[in-house]
Amino acid sequence: MQFTATQIADLLNGQVEGDANITITKLSKIEEGVHGSISFLSNPHYIQYLYNTQASVVIINKDFTLTAPVAATLIRVENAGNAFTQLLEMYNEVKLNKKGISKLSFIAESATIGSDIYAGEFSFVGENAIIGNHVKIYPQVYIGDNAVIGDNTTIFAGVKIYSETNIGKNCIIHSGTVIGSDGFRFTPENDNKKVPQIGNVVIEDDVEIGANCAIDRATLGSTILRKGVKFDNLIHIAHNVEIGENTYFAAHGVVAGSTKIGKNCMFSGQVGIVGHLSIADNTIITAQSGISKSITKKGEVYMGSPAFDANKYRKAYIHFRNLDSLVQRVDKIEKLQKETELKEN
Amino acid sequence: MQFTATQIADLLNGQVEGDANITITKLSKIEEGVHGSISFLSNPHYIQYLYNTQASVVIINKDFTLTAPVAATLIRVENAGNAFTQLLEMYNEVKLNKKGISKLSFIAESATIGSDIYAGEFSFVGENAIIGNHVKIYPQVYIGDNAVIGDNTTIFAGVKIYSETNIGKNCIIHSGTVIGSDGFRFTPENDNKKVPQIGNVVIEDDVEIGANCAIDRATLGSTILRKGVKFDNLIHIAHNVEIGENTYFAAHGVVAGSTKIGKNCMFSGQVGIVGHLSIADNTIITAQSGISKSITKKGEVYMGSPAFDANKYRKAYIHFRNLDSLVQRVDKIEKLQKETELKEN
Amino acid sequence: MQFTATQIADLLNGQVEGDANITITKLSKIEEGVHGSISFLSNPHYIQYLYNTQASVVIINKDFTLTAPVAATLIRVENAGNAFTQLLEMYNEVKLNKKGISKLSFIAESATIGSDIYAGEFSFVGENAIIGNHVKIYPQVYIGDNAVIGDNTTIFAGVKIYSETNIGKNCIIHSGTVIGSDGFRFTPENDNKKVPQIGNVVIEDDVEIGANCAIDRATLGSTILRKGVKFDNLIHIAHNVEIGENTYFAAHGVVAGSTKIGKNCMFSGQVGIVGHLSIADNTIITAQSGISKSITKKGEVYMGSPAFDANKYRKAYIHFRNLDSLVQRVDKIEKLQKETELKEN
């Protein structure tokens, strides 16, 4: 991709100051600008970089006043941050604009395929699967029998989607993620027999799932990720779990079987939640915390393992750090008490 | 799959009450019953759902007495729970009954292939590998040179099995799992040189491994999972570890190098165990706990990081939660002591 | 592979004692020696095994004095440990000596391919990718557009490398690992819109990455793993993170976005590090610890969640274990104080 400053300015509805014909081939941070890159200045803390950046073009706010000469060509716009995000999105759209069904893919004859899809090399689509319009199936993806993939969803290389999984529109699933594997249910009391897992996974619209996650199918019924759920990498979701709308999970989160999680929750990294709980909307859980009881009040912050109110936890933890001095104080008190006792007798 | 109530009753050795010709196409929980589904009633807490379920057919115990009219067709059997499990298993068997070697798979000429196997599209079987009878190799699976897979084992899409791995009979390995990757051994004192990892992984019969696990080969000798071991998702097993018979690991468990774990242990999610330890049979470890010392007494429960006796941990943790009040009590005691001292002098 | 004792002795520049024509086909520990295996004795604690090992050949130090007859053929060398490591390396080299481009792989015409590479079945190399000399690409690997792979790097089966990733020389990437997936950045305040991730991942020379790791691309710029970094399995590295030279990460480590980690650090299993921190060189973090603040002093050891100085943590943790007795002491003190007060009044 190569553009002139003028072409970019036209796209962003901005005005060029400097060499209008200079060409750019990539995007960079202003402090990492190189010849041929375009950057932006939005955060005032970065103003210093404007005057010595190596970037060929910098996008700045319309009303920004220069206090020294700038080597880069400038493009002035209403809001430099938004304009740059617009460029990022355009760049990504071009980069991800894969099309066509590879001759080296396998698509079952009974599958239903939408218009304008991409199916990369060595990808597999099983019996009776239904693939929506504009779906992107990268190389080495597996989509099992009867799975349904909604319009505009992107599935990156090597994702494995078991049979009967139902994925909505505008979702993004990153490489290595497994959806629909069996829930972990055995009967130790009955010769460790496996409980058959015949439910499925339902993922609603606008969900993004990071790399190498594992989301188990339900025993019966569905494991559900509601609209707008966002997952980081390496997250485990057990059978029959339900995650509410727009809830965020940072990396290495774990949710055990049948737990129901509310909307708009925010869970930091390495959080664990035991099975059969209900977690209220807007709950926040700090990193490495473990939730062992249902949370009924909305919007609370939890910390610790097992977790409780985060402010109380932080206070208790400060005392924990100082336990040695507390113990020494108690030693001293006992000593004094003993001395007093001796004196009195 | 479509069956009439009569056909199901015959399979389960049960008796139909109601419309014997009604057809069912899927299985559901009684509280999630829909037209065309078959459910069961076993747990007395769910009796309420019997009288208004939308399921077309419900399996109930022979001796169950109705207290109101039921819209669904009933099938009466000796034990409704067991009968339903039987249906689940039959359903699963049909669903997973994949057969045949795809023309789009690659099987080395030197490999030995049993009878009646499934080898899906883009699956790979290496030199001198030995594949037992009725083995199911889903699409995009990799089985390295000299690996051995026992009869009736199922390997789901995209599993990667390194060379020399030895897997027993009736095992199930879920998607994304890696078996036989190199153990993590380097010599920081010697220019960070890698210690070659030339051992293998041995997995005995009846083992199930969840999605996206990673089980390293031994440096020399074998990393071993004994008969009946059950793993949830995203578990890490280091080189030369040995896991005893029927031990269960919930998601995100971690075992460091050369640790030996006993039989019938139960480890909750996100448990970590350091290297070169011995863990006694029947040990239970609670979620997020970290084991830093060998456990010699059987059947104990451990909690905390580093972990100790779970009852003691819970007691200590209650005090931890109340540390602020303990500190205030000590403050008060000191104040009183000081006042007493002043009075006395 | 089959060798006689004489052939091995010639390779190791050693001298045979016993049957020089005995053949060996595998390597074993001395305590696990079997007919046809070659072992070594280096650690004095294992001397007992020398006299009854079933190994056909044992490598021992030149100056080792036998105190009883030995059944195995001996090969005497300068340093038995080093000689055995040399054998391990030779064994591994032969085992991993895969060559040739499979007809069942897909390599884009615009890709540049070095000499003497291996590209296994169902592997994929994208547009404009550059693959160095002697690179090994195992089956089902995905290498995205514009990716660069340095000389002598080995990429095991099923690794997924997104577009624009840049990997150095002599690296090893284990199965299931994903490199270059999108960073986890959304704007909850702006309708949960995704922040486009258009940076890349740069991995320098001599890096080894275990199985099923996930390393996200930068938002802009690069996520960087410096020369000699070693990762165990299932590690998560977020966008824009930088890991210094020769830093080691045990399994299940997590580093959140934009954190910069120094050289020669050692992180145990399940460690978590929050975003936007700086961690000094030579920092050691114990298992399951969570780092919530930057570490500026080099060579310190941290423990706990949130972590602080490990010695202080261990001391505080001993007090935590004994909190019940501390509380009882305070109870007793209060009781005595109250009695004294009553007496005095």
Check: Restricting attention to region A:80-114, which residues are modelled with pLDDT under 95 and of a type in the set (S, T, N, Q)?
Finding: A:ASN82, A:THR85, A:GLN86, A:ASN92, A:ASN97
Check: Residue check, B:ASN322 against (1) open to solvent by 50 Å² or more (accessible area, probe 1.4 Å); (2) more than 21 Å from C:VAL327 (Cβ to Cβ), all met but one. Which one?
Finding: (2)
Check: Of everything in region B:225-242 that's among the hydrophobic types (A, V, I, L, M, F, W, C) and assigned to a loop (DSSP other than H, G, I, E, B), which residue is farthest from C:ALA251 (Cα to Cα)?
Finding: B:VAL229
Margin query: Scan region A:173-194 and tell me whether some residue there is touching an Asp or Glu at 6+ places or on another chain (Cβ under 6 Å), in the same structural domain as A:ILE131 (by TED's automatic domain parsing) and not small (Gly, Ala, Ser).
Written below: yes
Item checked: Exclusive hit being over 25 Å from B:VAL327 (Cα atoms), crowded, with 18+ Cβ neighbours inside 10 Å and touching a Cys at 6+ places or on another chain (Cβ under 8 Å), set A:ILE295, A:ILE273, A:ILE279 -> A:ILE279
Item checked: Cross-chain or 6+ apart pairs with Cβ under 6 Å, region C:236-249 first and away from chain A (no Cβ under 14 Å), then outside any loop (DSSP other than H, G, I, E, B) and surrounded by fewer than 22 Cβ atoms within 10 Å (Cβ to Cβ) -> C:TYR248/C:MET266
Item checked: Search result, residues across region B:65-116 that are more than 13 Å from chain A (Cβ to nearest Cβ), β-branched (Val, Ile, Thr), more than 30 Å from B:ASP145 (Cα to Cα) and surrounded by 15 or more Cβ atoms within 10 Å (Cβ to Cβ) -> B:VAL70, B:THR73, B:ILE75, B:VAL77
Checklist line | Positions within region A:298-316 being buried (at least 17 other Cβ atoms within 10 Å of the Cβ) and facing another protein chain (nearest Cβ under 7 Å), in sequence order | finding: A:SER305, A:PHE308, A:ALA316
Check: How many residues, within region C:40-64, are over 15 Å from C:LEU87 (Cα atoms), open to solvent by less than 80 Å² (accessible area, probe 1.4 Å) and under 29 Å from the mean Cα position of the chain (by Cα)?
Finding: 1
Margin query: Out of everything in region B:15-26 that is farther than 14 Å from B:SER39 by Cα and not in a strand (DSSP E or B), what residue ends up being most open to solvent (accessible area, probe 1.4 Å)?
Written below: B:ASN21
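Okay, residues lined up against (1) in contact with a strand residue (DSSP E or B) (Cβ under 6 Å, 6 or more places away or on another chain); (2) free of Cβ contacts under 8 Å to residues at least 40 places away in the same chain; (3) assigned to a loop (DSSP other than H, G, I, E, B):
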position: B:GLU31; (1), (2), (3): no, yes, no
position: B:HIS35; (1), (2), (3): no, yes, yes
position: B:ILE38; (1), (2), (3): yes, no, no
position: B:VAL58; (1), (2), (3): yes, yes, no
Checklist line | Output for region A:86-122, where each listed residue is hydroxyl-bearing (Ser, Thr, Tyr) and touching a residue at least 40 places away in the same chain (Cβ under 8 Å) | finding: A:TYR91
Next item on the list: Could you grab me the full set of residues in region C:317-338 that are within 7 Å of chain A (Cβ to nearest Cβ) and either in contact with a strand residue (DSSP E or B) (Cβ under 9 Å, 6 or more places away or on another chain) or of a type in the set (A, V, I, L, M) (or both)?
Entry: C:PHE320, C:LEU326, C:VAL330, C:ILE333, C:LEU336
Check: How many residues does region B:123-164 hold that are of a type in the set (Lys, Arg) and touching a residue at least 24 places away in the same chain (Cβ under 8 Å)?
Finding: 1
Item checked: Verdict on C:ALA287 being outside any strand (DSSP E or B), of a type in the set (A, V, I, L, M, F, W, C) and open to solvent by 10 Å² or more (accessible area, probe 1.4 Å) -> yes
Check: Right, B:ILE285: closer than 19 Å to B:LEU234 by Cα, within 21 Å of the chain's Cα centre (by Cα) and more than 14 Å from chain A (Cβ to nearest Cβ) or not?
Finding: no
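A quick yes/no check of all residues on (1) crowded, with 22+ Cβ neighbours inside 10 Å; (2) more than 13 Å from chain C (Cβ to nearest Cβ); (3) closer than 26 Å to A:HIS236 by Cα:
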residue	(1), (2), (3)
B:TYR118	no, yes, no
B:GLU127	no, no, no
B:VAL141	yes, no, yes
B:VAL148	no, yes, no
B:ASP151	no, yes, no
Check: Looking at this structure, is B:THR187 open to solvent by 10 Å² or more (accessible area, probe 1.4 Å), in contact with a His (Cβ under 6 Å, 6 or more places away or on another chain) and at negative phi?
Finding: no
Next item on the list: State all residues of region B:326-345 that are of a type in the set (A, V, I, L, M), touching a helix residue (DSSP H, G or I) at 6+ places or on another chain (Cβ under 9 Å) and over 11 Å from A:ILE333 (Cα atoms); if no residue qualifies, say none.
Entry: B:LEU326, B:VAL327
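The values are calculated or read from the model by the stated rules, or taken from the named source; none is laboratory data. Please read these numbers as outputs of a predicted model, since none were measured by experiment. Cβ sites come from the backbone with ideal geometry, for glycine too, and all protein chains shown count toward neighbours. For the accessible areas, the whole protein counts, side chains as well, though only heavy atoms, and no ligand, DNA or RNA atoms are used. Shrake-Rupley method; radii C 1.70, N 1.55, O 1.52, S 1.80 Å.
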